[in-house]
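Here is the structure we will look at.
Laboratory data are not the source of any read-out in this text; all were calculated from the coordinates shown. Given the structure is predicted, the values throughout are model-derived calculations rather than measurements. We place every Cβ from the backbone using ideal geometry, glycine too, and count neighbours over all the protein chains shown.
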Amino acid sequence: KNSSENQAEFYTLWHDAVKYLEKGFHRIKQTYGAAKIKVGKKNLELIPYTSIIIPLSVLLREIDQKGNSKVFFDKVDLWYWLSVFTQKYNHAVDSKSFSDVRSKRWTPLFRQIWG
């Protein structure tokens, strides 16, 4: 590939990554609920385990590619809450996120998504 093709591919992948990170952030805020607190005059939204956004975003991308089935979203919701309550992303989050995304080993719940 020449440099302009590499650059175009990079921008396409970057745009895709940003799009799904935004979807993941939005899902955490809107579907799972961010804790809202007031500090002085500022209203803050706190998200538990912000590191979960990356694997969640990867799952949302996979769901988009598979057809946005409600069954898949139900599985993602279950995975999210299991991860939060078991504190899966509490320690060594970078290596766990990387390992989960790279191996696609999430849980047996996702075998249907990964095929």
Extension gain, LEU78 back to THR12 (0.36 nm per residue minus Cα-Cα distance, nm): 20.7 nm
Too-long pairs where the Cα-Cα distance tops 19 Å, listed order kept, from LYS19/LYS66; LYS23/LYS88; LYS23/LYS70; LYS29/LYS66: LYS23/LYS88; LYS29/LYS66
Loop-located trypsin sites (Lys or Arg not before Pro) in segment 1-97, at most 10 other Cβ atoms within 10 Å (DSSP): LYS1, LYS41
Cut-off 12 Å between beta-carbons: net charge of the residues surrounding LEU21, Lys and Arg +1, Asp and Glu -1: +2
